[in-house]
Amino acid sequence: GYHKVVKENRTLYNMVQDLKGNIRVYCRIRPAFRNDTKNVVDFIGEDGSLVVLDPSKPSKDGKKLFQFNRVFGPTATQEEVFADTQPLIRSVMDGYNVCIFAYGQTGSGKTHTMCGPSGASRKEMGINYLALSDLFDLSNSRKGVIKYELYVQMVEIYNEQVRDLLTGDPGNTNKLEIHSCASESGLSLPDATMHSVKSTTDVLNLMKSGQVNRVVSSTALNHQSSRSHSILTVHIHGKDASGGTIRSCLHLVDLAGSERVDKSEVTGEGLKEAQYINKSLSCLGDVITALSQKNSYIPYRNSKLTLLLQNSLGGNAKTLMFAHVSPEGDSFGETVSTLKFAQRASSVELGAARMNKESREIMDLKEQIESLKRQLDEKE
Ligand code: ADP
Ligand code: MG
């Protein structure tokens, strides 16, 4: 009797948690910069549907339909994009690990979404800044209930090596070891510089020096920043009056360009680089597939990127992928390959139609939990 009800209750609770912890996918299409090629965007639906048209087959055959949680068109503002991301970001303050990553070919708008254009005004700032600014607001509004402290780390991964971007010494591009989450500190990068941040000014200063270090390291190592992944991690420490604690983190990731590199044309260092980029991006794809299929084995250890993001890609984590595409006709091949990757990420649980089902399922499950609780009460 009693134990069975408790067990059922527990199972239902876990199911509710599972349903909450899926990978969401937003697609963002940047404005066209040239009008000498046909625009490939055919239709953008309010429900997250997107139809692209192959410029070489301008008939029905050339149309491809994709379904995401949302699609932002070329006129979407930074504020609009942030507004739809805010609830997810805020959940980090309740103890969820959150990971947001920007995927897409070089020039499709990843850095624009995460950081904003270079020399951005307050209005043009990207998710990195807006997220931190919002977390400070939230922290202030909860001041009487929970005391929060925020810390920031910033690293880049290039050729399967992790480098600290906040050393304070731009010449020092120390390679860092990733520790398993079971290690003593609980941090995956205990040796990366960790800065306490108390205001948006602190954040702006750190982002600036991270950016400078990124340029310095790319010059020293002779690579373009489009070839490395850059990761801003916010660690949240919260404490309530009764001594309860919250420990969570938010990863904000600007991935390397996803464009296929023609291996026949690159040799030596360039080839190694291309293989490494492809390796970590394809590992990310493998991890996402394994998670969405609820496999018991998830191949996190196959790349530095997935190893570092391990705690934020499964379990109770919430993951959001921004798939960026360029609308110009000559990018059509890369655009479709990005959209397919993104579709794979959202394949099992998500998509607009399933989202409705998801929330209905959660509601049903909550109702069942309530009814089980009533049964329990009656027995007592
Ligand atoms: P990526 O980081 O994917 O290589 P960027 O973010 O650097 O691409 O974008 C390439 C160029 O396009 C930049 O000049 C950027 O400011 C501009 N851009 C990208 N997305 C948008 C957008 N949504 N609105 C206006 N300009 C954009
Ligand atoms: Mg970029």
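Here D254 fulfils each of the conditions (1) modelled with pLDDT under 90; (2) under 15 Å from the mean Cα position of the chain (by Cα); (3) among the charged types (D, E, K, R) apart from (1). Suppose the filter is crowded, with 20+ Cβ neighbours inside 10 Å and within 16 Å of ligand 2 (Cβ to nearest atom); does A323 pass it? Taking the combined requirement at face value, the residue satisfies it. Among the candidates A182, A192, which residue alone is part of a loop (DSSP other than H, G, I, E, B), out of contact with any Ser or Thr (no Cβ under 8 Å at 6 or more places or on another chain) and modelled with pLDDT of 85 or more? After applying the criteria, what remains is A192. Looking at V145, is it more than 16 Å from ligand 2 (Cβ to nearest atom) and touching a Cys at 6+ places or on another chain (Cβ under 9 Å)? Spelling it out, it is not the case that V145 is more than 16 Å from ligand 2 (Cβ to nearest atom) and touching a Cys at 6+ places or on another chain (Cβ under 9 Å).
Taking segment 47-83 as the range and being of a type in the set (A, V, I, L, M) and in a loop (DSSP other than H, G, I, E, B) as the test, only A76 passes.
Does at least one position in segment 218-236 carry a residue that is modelled with pLDDT under 80, assigned to a helix (DSSP H, G or I), of a type in the set (S, T, Y) and more than 21 Å from the chain's Cα centre (by Cα)? Checked against the condition, which is being modelled with pLDDT under 80, assigned to a helix (DSSP H, G or I), of a type in the set (S, T, Y) and more than 21 Å from the chain's Cα centre (by Cα), segment 218-236 yields at least one hit. Would you mind stating whether S91 is within 30 Å of G285 (Cβ to Cβ) and in contact with a Lys or Arg (Cβ under 9 Å, 6 or more places away or on another chain)? When the stated conditions are applied, S91 passes them.
The set of residues in segment 285-301 that are over 11 Å from L313 (Cα atoms), in contact (Cβ under 8 Å) with a residue 24 or more places away in the chain and surrounded by 13 or more Cβ atoms within 10 Å (Cβ to Cβ) comprises G285, T289.
From the list S248, S280, which one is in contact with a helix residue (DSSP H, G or I) (Cβ under 6 Å, 6 or more places away or on another chain), outside any helix (DSSP H, G or I), surrounded by 12 or more Cβ atoms within 10 Å (Cβ to Cβ) and of a type in the set (S, T, Y)? Testing whether each residue is in contact with a helix residue (DSSP H, G or I) (Cβ under 6 Å, 6 or more places away or on another chain), outside any helix (DSSP H, G or I), surrounded by 12 or more Cβ atoms within 10 Å (Cβ to Cβ) and of a type in the set (S, T, Y) leaves just S248. Can you find a residue that is in contact with a Ser or Thr (Cβ under 6 Å, 6 or more places away or on another chain), buried (at least 17 other Cβ atoms within 10 Å of the Cβ), farther than 24 Å from L187 by Cα and not acidic (D, E) anywhere in segment 124-141? Yes, that holds for at least one residue.
Taking segment 1-46 as the range and being within 16 Å of ligand 1 (Cβ to nearest atom), polar (S, T, N, Q) and either modelled with pLDDT under 60 or part of a strand (DSSP E or B) (or both) as the test, only N39 passes. Taken over segment 84-126, the criterion of being assigned to a helix (DSSP H, G or I), more than 16 Å from ligand 2 (Cβ to nearest atom) and free of Cβ contacts under 8 Å to residues at least 60 places away in the same chain is satisfied by Q86, P87, R90, R122, K123. In segment 80-131, of all residues being away from ligand 1 (no atom under 12 Å from the Cβ) and of a type in the set (D, E), the one that is modelled with the lowest pLDDT corresponds to D94.
Is it the case, given these coordinates, that S59 is within 17 Å of R24 (Cβ to Cβ) and either modelled with pLDDT under 95 or more than 13 Å from ligand 1 (Cβ to nearest atom) (or both)? It is false that S59 is within 17 Å of R24 (Cβ to Cβ) and either modelled with pLDDT under 95 or more than 13 Å from ligand 1 (Cβ to nearest atom) (or both). Looking across segment 77-90, the residues that are touching a helix residue (DSSP H, G or I) at 6+ places or on another chain (Cβ under 9 Å) and either crowded, with 19+ Cβ neighbours inside 10 Å or closer than 12 Å to T319 by Cβ (or both) come down to Q78, V81, F82, T85, I89.
The values are calculated or read from the model by the stated rules, or taken from the named source; none is laboratory data. Since the structure is predicted, the reported quantities are computational estimates derived from the model, not experimental observations. Positions of Cβ are generated from backbone atoms using ideal geometry, with glycine treated the same way; all protein chains shown enter the neighbour counts.
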